[in-house]
Amino acid sequence: MGNECVFCGEKAGSREHVFPKWLRKEAPKDFVDADGSRGIVSDGKLVTVPERFATAQVKCVCGTCNNGWMSRLESGVKPFLLDLMRGDPLTLGRQEQTLLATWPLKTVMMLQKASNRDYPDQIPQVDHAHLYRHGKLSMRRMVARAFHVIPPGDDHSHTWGDLEVRDIRGRHHGYLAKIRTGAFAVQIVSAKLPPHHEIARFGLMATAIPLWPARERFDWPAPAPLPHEQWTRLSLQRLPYKKRSA
Ligand SMILES: [Zn+2]
């Protein structure tokens, strides 16, 4: 792996927390003190390593990114992220939704670098560059929705984060990233589209709330929780997109 910042290309070496340090301070004590684990894909095998909650770090970003925009993004979601993770009701406006959609993508990018040694570059560089340049997801190529998933098991034994990044329909039309932290689960789709086309947006469902592009308001949680087994099976059969209206 090179030692360039995955976002800006400057020299990397700054230690970035995959999940922010404040999350560890704010999470329930029983949970923080419990022995946790994290899965790492290496040589085609999933290896589970012992790791306490929110202690993982990666060294693929530079100090300027880490202490600058990445840190601002973490402080931006801090006022409501923990409520979402606990499943507590709340309403967010457009600006907060933008932060809330950006945070999981940034976190997925870091988790991917930390957890998949076989495919550390499954998320293309163009998406890292977009996030760095614009500070949010692409309006044309990306969509995201949020699910309220009741975590399985008790807080001592379950893993608080699920991550899955894979190519859509086994071909590189784009990728699907899923991340769950506590009860807050997000599915992000990033498409590789022909010019002048745009990805179709997610609609409102009983179990899912559209998160990106941001709408007038985001009312959390969705009317019905999504069972954890359904969350783990959630995939994308096709990638709907259409010609952009002029
Ligand atoms: Zn950087």
**Study point:** Pairwise FRET efficiency - His196 versus Leu90, Cβ, R0 = 30 Å, nearest 0.05
**Key:** 0.20
Exercise for review: Starting from the Cα of Lys59, draw a straight line to each of the aspartates and glutamates and keep only those under 19 Å, dropping any in the same chain fewer than 8 residues away.
Suggested key: Glu4, Glu10, Glu16, Glu51, Glu74, Asp118, Asp121, Asp127
Review point. Summing -39500 (n - 2.57) over the DSSP H runs of n ≥ 4 in the chain and dividing by its residue number, what mean residue ellipticity at 222 nm do you reach, to the nearest 500 deg cm²/dmol?
Key: -8500 deg cm²/dmol
Exercise for review: Please list the non-local residues whose amide H lies under 5 Å from the amide H of Ala208, H modeled 1.01 Å from N, same-chain partners needing a gap of 5 or more.
Suggested key: none
Practice item. State which entries of Lys45/Lys178; Lys113/Lys136; Lys25/Lys178; Lys78/Lys242 exceed 29 angstrom in Cα-Cα distance in the structure shown. Key: Lys78/Lys242
**Study point:** Sites Glu4 and Gln122, calculated FRET efficiency, Cβ-Cβ separation with R0 30 Å, nearest 0.05
**Key:** 0.95
Exercise for review: Mind listing the long-range amide H neighbours of Gly36? Cut-off is under 5 Å, sequence gap 5 or more, other chains count too, H placed in the peptide plane at 1.01 Å from N.
Suggested key: Glu51, Arg52, Phe53
**Study point:** Neighbourhood charge, 15 Å Cβ-Cβ cut-off, centred on Phe80 and excluding it, Lys, Arg +1 and Asp, Glu -1
**Key:** -2
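All of the numbers you see were taken from the coordinates with simple rules; none came from a lab. Keep in mind it's a predicted model, so treat the numbers as computed, not measured. Every residue, glycine among them, receives a Cβ derived from its backbone with ideal geometry; neighbour counts consider all protein chains shown.
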